[in-house]
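Asker: One structure coming up, written as structure tokens, with questions to follow.
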Amino acid sequence: MATARILLTQRWPAAVEAALLHEYDTTLGERPLSVSEWRDALTQYDAICPCVADRFVAELGELGAVRTRLLANYGVGYNHLDLAAARKLGITVTNTPGVLTDATADLAMTLLLMVARRAGEGERQLRSGQWRGWYPTHLMGTQVSGATLGIVGMGRIGQAMAHKAHHGFGMNILYHNRREVQDPAVARMGARFCANLDDLLRAADFVTVHTPGGQGTQHLFDARRFAAMQGHAYFINTARGDVVDEAALIAALDAGCIAGAALDVYAQEPHIPAALLGRENVVLLPHLGSATVATRTAMGMKVKANLDAFFKGQPVPDQVF
Ligand code: DGY
């Protein structure tokens, strides 16, 4: 059988590229595909390996016959891929669950600590030469240890966050999820299930989002939800930008409905609303959740395992559909 032709839309860690180049007729792209580049690529490659920055839009489903049979996504979230369009074209879709759980939860914890302890503000002050030395009321933040954390979405990443926050920082855990989690590890933390999201929002000192993106969760955090949060509470998002109505978040910050926010994901990446950029009580990171060498390598190797199984005609480990 001829070697499959595959496209990585952007550069991946060297170890993964080497493994793929060894096995496949591999093209290495440099930037996200435009719609016309998608059209082209779908006629040229047996598999395309996109990432979160590549939008596979509904209109591509109208193409008719294409060469591509697999979209092997480099990432766990796939709300940037229109699954109905892929289905119309007879394309299988895979993702990379499991391997980025800890890295993403670590980053959510980083954001939580940064916003609570005013770390970004302090660093900006120091680097700009504004620090005048220690004094008793300097940049006083919020105590994390012992505070109550509300976790929205208690899948793998939500549970890893609960573990780190509870066992590392003695935080009390509340969570909201489609259904109660029956895992003894969750029970051992004393994590309390809130069937009603508003109950969690009213009680939490920190709220962290770990849901998938897409239609089911779009604007889950709107003006009403921010109004339900406590005035001293912080909002953290490492999931997807479209889970948040960004205008409502900005209005909630302006009105002092919440104390601050720490974000890694945005509705229109890489665009960041100007109203967020100037705020001291907001921490902004550039979608770094899975960005460790070990994790990005493991994600690539998972993509390779999906490609290998698919082209050998074996059951594909991480088939989305
Ligand atoms: C994921 O895996 O979904 C990360 O957000 C990177 O795409």
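The values are calculated or read from the model by the stated rules, or taken from the named source; none is laboratory data. Note that the structure is a prediction, hence the values are computed from the model and not measured. Note that we place each Cβ from the backbone using ideal geometry, even for glycine, and neighbour counts take in every protein chain shown. For the accessible areas, the whole protein counts, side chains as well, though only heavy atoms, and no ligand, DNA or RNA atoms are used. Shrake-Rupley method; radii C 1.70, N 1.55, O 1.52, S 1.80 Å.
Asker: What is the sum of charges, Lys and Arg at +1 and Asp and Glu at -1, for the other residues whose Cβ falls under 14 Å from the Cβ of residue 302?
Answerer: Charge balance in the 14 Å sphere: +1.
Asker: May I have the pair-distance distribution P(r) for the chain, computed from all Cα-Cα distances with 10 Å bins from 0 and rounded to whole percent?
Answerer: In whole percents, the pair-distance histogram is 6, 25, 30, 22, 14, 4, 0, 0.
Asker: Set the Förster distance to 51 Å, then compute FRET efficiency between residue 62 and residue 124 from the Cβ-Cβ distance, nearest 0.05.
Answerer: 0.60
Asker: Follow-up question, since we're still on this one. What residues from the range 172-216 fall in the zone where the backbone N is under 19 Å from a label point 7 Å along the Cα-to-C-beta line of residue 88?
Answerer: Within reach of a label on residue 88: 215.
Asker: Average projected area of the Cα convex hull of the range 182-321, in nm²?
Answerer: 11.2
Asker: For residue 77, what charge total do you get from the other residues with a beta carbon under 13 Å from its beta carbon, if Lys and Arg give +1 and Asp and Glu give -1?
Answerer: Net local charge, residue 77 excluded: -2.
Asker: Each label point is 7 Å from the Cα along the Cα-to-Cβ direction; what then is the distance between the points at residue 2 and residue 247, in nm?
Answerer: It works out to 5.0 nm between the two label points.
Asker: Two decimals is fine: what's Rg over Rh for the range 112-195, C-alpha atoms, Kirkwood radius as Rh?
Answerer: 1.15
Asker: Considering amide H positions built from the backbone, and no H for Pro or chain starts, which residues 5 or more places from residue 260, or on another chain, come under 5 Å of its amide H?
Answerer: Amide H neighbours of residue 260: 235.
Asker: At a 1.4 Å probe, what is the % contribution of carbon and sulfur to the accessible area of the chain?
Answerer: Its accessible area is 52 percent carbon and sulfur atoms.
Asker: When DSSP beta bridges are limited to those with both residues in the chain, what percentage is antiparallel, rounded to the nearest 5?
Answerer: Roughly 5 percent of the beta bridges in the chain run antiparallel, per DSSP.
Asker: Provide the three semi-axes, in whole Å and in decreasing order, of the ellipsoid equivalent to the range 256-321 as defined by the square roots of 5 times the Cα gyration tensor eigenvalues.
Answerer: Rounded to whole Å, the semi-axes are 38, 13, 10.
Asker: Rounded to whole Hz and in sequence order, give me ³J(HN,Hα) for the range 302-315 from the Karplus expression 6.51 cos²θ - 1.76 cosθ + 1.60, θ = phi - 60°, writing x for Gly and Pro.
Answerer: Residue by residue, the range 302-315 yields 5, 4, 4, 4, 5, 4, 4, 5, 4, 6, 8, x, 9, x Hz.
Asker: Provide Rg and Dmax in Å for the range 1-141, with only Cα atoms included in the calculation.
Answerer: Using the Cα atoms of the range 1-141, the pair Rg, Dmax is 21.6, 72 Å.
Asker: Just the number, please: percent antiparallel of the DSSP beta bridges in the range 218-307, rounded to the nearest 5.
Answerer: 0
Asker: Normalized C-alpha radius of gyration of the range 101-284, against 2.2 N^0.38 Å?
Answerer: 1.01
Asker: Would you compute, for the Cα atoms of the range 58-175, the largest minus smallest coordinate along each principal axis and list the three values in descending order, in whole Å?
Answerer: Projected onto its principal axes, the Cα set of the range 58-175 covers 69, 35, 20 Å.
Asker: Let me ask something else about it. Please list, ordered by chain and number, the residues whose modelled amide H lies under 5 Å from the amide H of residue 79; skip anything fewer than 5 residues away on the same chain.
Answerer: HN-HN under 5 Å from residue 79: 213.
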